[in-house]
Amino acid sequence: MTEHDHNGRQAQPPVDPRTSWATWTTQSIISGPGGVTTTEVGPISGDLTVHTTWVDGETRLTVQYTGALDWYTVAGSPVPAADETTARAIHQAMVNGVKAGRGAAAPAPPGA
């Protein structure tokens, strides 16, 4: 027997964030003064690339000098994100943080 919702449509199981993932990369962001704080090397600044991965209900933020090989973890990463839309908002907030500089760290999840 197939289950249906109250509107007569076939019911869909809820999305499990542990089985979903997404990724975004924004390249060539010129950081504001003070750049971004990383866990491995402290602040970095200049022409930076932000890469965000959403998996297992959390948003993992990394940054690199654009065109370099090494990636660094943004201080405060990972950030909890229950869904892909929230993770995308966190990525955009991180991009904006890089532009602002001032030792930007991972943003808090929206509504936190």
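Restricted to the range 81-98, and to residues there that are touching a strand residue (DSSP E or B) at 6+ places or on another chain (Cβ under 6 Å) and not aliphatic (A, V, I, L, M), the residue that is nearest to THR52 (Cα to Cα) is HIS91.
Going residue by residue through the range 46-64, is there one that turns out to be loosely packed, with under 12 Cβ neighbours inside 10 Å and at pLDDT 95 or above? The answer is yes; a qualifying residue exists. Counting only strands (runs of 3 or more DSSP E) that sit completely within the range 14-102, those holding 1 or more residues that are of a type in the set (A, V, I, L, M) and under 10 Å from the mean Cα position of the chain (by Cα) correspond to 21-30, 47-55, 58-65. Taken together, the residues in the range 64-112 that are of a type in the set (A, V, I, L, M), over 12 Å from THR37 (Cα atoms) and in contact with a helix residue (DSSP H, G or I) (Cβ under 8 Å, 6 or more places away or on another chain) amount to 3.
The values are calculated or read from the model by the stated rules, or taken from the named source; none is laboratory data. Because the structure is predicted, anything quoted here is derived from the model rather than measured. Reconstructed Cβ throughout: ideal geometry from the backbone, glycine too, with neighbour counts over all protein chains shown.
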